[in-house]
Amino acid sequence: MMLLVSGTVLTTSEPDAMHTMEGTWELQNFHNWDGEVVTTAELSEGYRQVKMYYNGKVMWSRTASTDTKDADGNNVIGRFGFGTYKITDTELIETIEYGDQGMMRDLETLRIFTFQLKLTDSTYSQITLDEEGNPTFSENYNRID
């Protein structure tokens, strides 16, 4: 009997684990698609964006230089948002519940953000698709925790 159990343990393999979003991520750059052409936009000096994913919750904050303007023409140094998220093997879906004044104004028209997801252990990209399913823009992150 012991030989049978030992043989079973040795031949049983664990399934591949799906990568996890849980952790802290820092934005590295953006990609813009123009048809087949992809260009990379680096972050401007003073711009930093961090997202944290834990237990189905997402929180993000962004700091930019003072030359960034909101829709009313006011200088904006930082923004933040909080909500929930879920992932599938191909999608990241964020539902933002509250945030800074500008985010709250934006939430009047759009609360649920759905992205194509490219996820590894140390990087992820959230990709915006057009109505035909073609990529148009992405934010690209590295895991920092």
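Taken over the range 72-89, the residue count meeting the criterion of being surrounded by 11 or more Cβ atoms within 10 Å (Cβ to Cβ) and either farther than 15 Å from residue 113 by Cβ or not basic (Lys, Arg) (or both) is 11. Residue 72 - would you say it is under 22 Å from residue 129 (Cα atoms) and in a loop (DSSP other than H, G, I, E, B)? So residue 72 fails the test. Among the residues making up the range 92-145, those that are of a type in the set (Gly, Ala, Ser), under 27 Å from residue 39 (Cβ atoms) and surrounded by 12 or more Cβ atoms within 10 Å (Cβ to Cβ) are 102, 122, 125, 138. Inside the range 25-53, residues that are of a type in the set (Val, Ile, Thr) and closer than 21 Å to residue 145 by Cα make up a count of 1. The single condition among (1) loosely packed, with under 15 Cβ neighbours inside 10 Å; (2) among the aromatic types (Phe, Trp, Tyr); (3) more than 25 Å from residue 20 (Cα to Cα) that residue 54 does not satisfy is (3). The strands (runs of 3 or more DSSP E) found wholly in the range 81-145 and carrying at least 2 residues that are of a type in the set (A, V, I, L, M, F, W, C) and more than 17 Å from residue 54 (Cβ to Cβ) occupy 112-119, 123-129.
Conditions (1) within 30 Å of residue 101 (Cα to Cα); (2) under 13 Å from the mean Cα position of the chain (by Cα); (3) modelled with pLDDT under 90; (4) of a type in the set (Phe, Trp, Tyr), marked per residue:
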| position | (1), (2), (3), (4) |
| --- | --- |
| 34 | no, no, no, no |
| 37 | no, no, no, no |
| 42 | yes, no, no, no |
| 48 | yes, no, no, no |
| 53 | yes, yes, no, yes |
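The values are calculated or read from the model by the stated rules, or taken from the named source; none is laboratory data. Model, not experiment: these values are computed from the prediction. As a convention, Cβ positions derive from the backbone with ideal geometry for all residues, glycine included, and neighbour counts pool all protein chains shown.
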